[in-house]
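Colleague: Structure provided below as structure tokens; questions to follow.
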Amino acid sequence: MVRIKYAEGQTLLTLTRAAIVVVACLCVGGVYGLVNGLFSTATSARDAVVDIIDAETSQTIEGTPTVLYFSENGAGGGVTSIYQVYYITGKEGAYGLVDAGGERLLDDIYEGVILLPHAYALKQDGQWRFFDRETMEQITEHQWDEAEVLRADNGRFIGTLVRVKKDGLYGAVNMRGEISIFPNYEDLQMNSLQSAWPLIKVKQGGKYGFINSAGDTVISLSYDYAAMSTVTVYADENDAEGTEKPIVYVLSDGDWGAIYRNGDGTSSDVDWSVEPTAEVLEAYEEQI
């Protein structure tokens, strides 16, 4: 039997459905005898195509599923959400990649594979490098000791940066490997509240603060500890549910305080009357 790829099968199925619609319209016109045989043939063809597609998509792919889930600006305006499933193949020290149709994209030769919207971050000889997915040409000359993306529980990318490490210091690059934040920090943590307050927690000289995706300081690196969380704010006594807003808890010389996001995106002064949550205290105690 001729093997039909998934995309080819879908096209054939679409044409078959169109033929069925045409035949059905002829039936409505009263030409029953003429089209009865055609209708049976078209229906049989449709069923055959469906069987082929089912067999194609139900094939077992050996590998670990990984999701490419992100949003980008559409060509005609608006935002397009992309959701695709791929499979990491191979074993430790020799990984590769295939798509959901079983097509081999990367041979099993890499120590690590990160699939990005238009690039791969690939680890070889202990170093991470960024390659264009279409040409497989290395995008930049930079090599990194570590590379990591932040994802939500459903696999969606959080933010547009990749955390990287070089010579013991952390920075961040965009999803094509171009440097956004130079590796100058002892620690760098991208948070999951990107849509509410897109800040990045950093540590330098033993002090904590927050920067934005361009590397500009938003909350000064002057605190013994800092952590982003959320707080529920009520407009008035009739506001039963309230609104969840981001908050940054900071610690300085044993005193805790809180910093809020102003309407223009800047940070407020420290409110030293606010106590941290139990979760923030627990996180702080774990790192000391």
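Derivation of every value follows stated rules applied to the coordinates shown; laboratory data play no part. Here the structure is a predicted model, which is why all the values come from computation and not from measurement. For neighbour counting, all protein chains shown are included, and Cβ atoms are generated from backbone atoms with ideal geometry for every residue, glycine included.
Colleague: Simple spin-label model, 7 Å along Cα-to-Cβ: Lys207 to Ala94 in nm?
Modeller: Using points 7 Å along Cα→Cβ, the separation is 5.1 nm.
Colleague: Using the Cα centre of the range 60-159 as the reference point, and only Cβ charges (+1 on K/R, -1 on D/E), how large is the resulting charge dipole? Debye, rounded to the nearest 20.
Modeller: It works out to roughly 320 debye.
Colleague: At 0.36 nm per residue, and after removing the present C-alpha to C-alpha distance, how many nm does the segment from Gln138 to Asp216 gain when stretched out fully?
Modeller: Extra length available between Gln138 and Asp216 comes to 25.3 nm.
Colleague: Please give the FRET efficiency for Gln287 paired with Val231, using the beta carbon to beta carbon distance and R0 = 25 Å, rounded to the nearest 0.05.
Modeller: So, using R0 = 25 Å, E works out to roughly 0.70.
Colleague: Further question: Roughly how many Å is it from the Cα centre of the range 229-274 to that of the range 127-149, as a whole number?
Modeller: Each part's Cα centre sits 39 Å from the other's.
Colleague: Hey, fewest Cβ within 10 Å first, where do Val173, Val79, Val274 land in order?
Modeller: Lowest to highest Cβ neighbour count: Val79, Val274, Val173.
Colleague: Using C-alpha positions alone, give me the convex hull volume of the range 135-247 per residue in cubic angstrom.
Modeller: Dividing the Cα hull volume of the range 135-247 by its residue count gives 131 Å³.
Colleague: With the Cα gyration tensor of the range 68-197 in hand, convert its eigenvalues to equivalent ellipsoid semi-axes via √(5λ) and list them largest first in whole Å.
Modeller: 22, 21, 14
Colleague: Please compute the length gained on full extension between Ser195 and Asn174, using 0.36 nm multiplied by the number of residues separating them and subtracting their Cα-Cα distance.
Modeller: 5.8 nm
Colleague: Using the Karplus equation 6.51 cos²θ - 1.76 cosθ + 1.60 (θ = phi - 60°), what ³J(HN,Hα) coupling, rounded to whole Hz, does each residue of the range 98-109 give in order, writing x for Gly and Pro?
Modeller: Ordered by residue, 3J(HN,Hα) equals 10, 8, 5, x, x, 6, 6, 9, 9, 5, 7, 9 Hz.
Colleague: Taking the Cα-to-Cβ direction at Ala152 and at Gln84 and moving 7 Å from each Cα, how far apart do the two end points lie in nm?
Modeller: About 2.0 nm separates the two model spin labels.
Colleague: What is the range 198-288 by shape, rounded, prolate or oblate, if you read a ≥ b ≥ c off the alpha carbon gyration tensor as root eigenvalues and call it rounded for a/c under 1.5, prolate for a/b larger than b/c, and oblate otherwise?
Modeller: Judged from the Cα gyration tensor, the range 198-288 comes out oblate (a/c at least 1.5, b/c at or above a/b).
Colleague: Taking the mean number of other Cβ atoms within 10 Å as a proxy for protection, how do you rank 244-257, 157-170, 224-237 from highest to lowest?
Modeller: Descending mean neighbour count gives 157-170, 244-257, 224-237.
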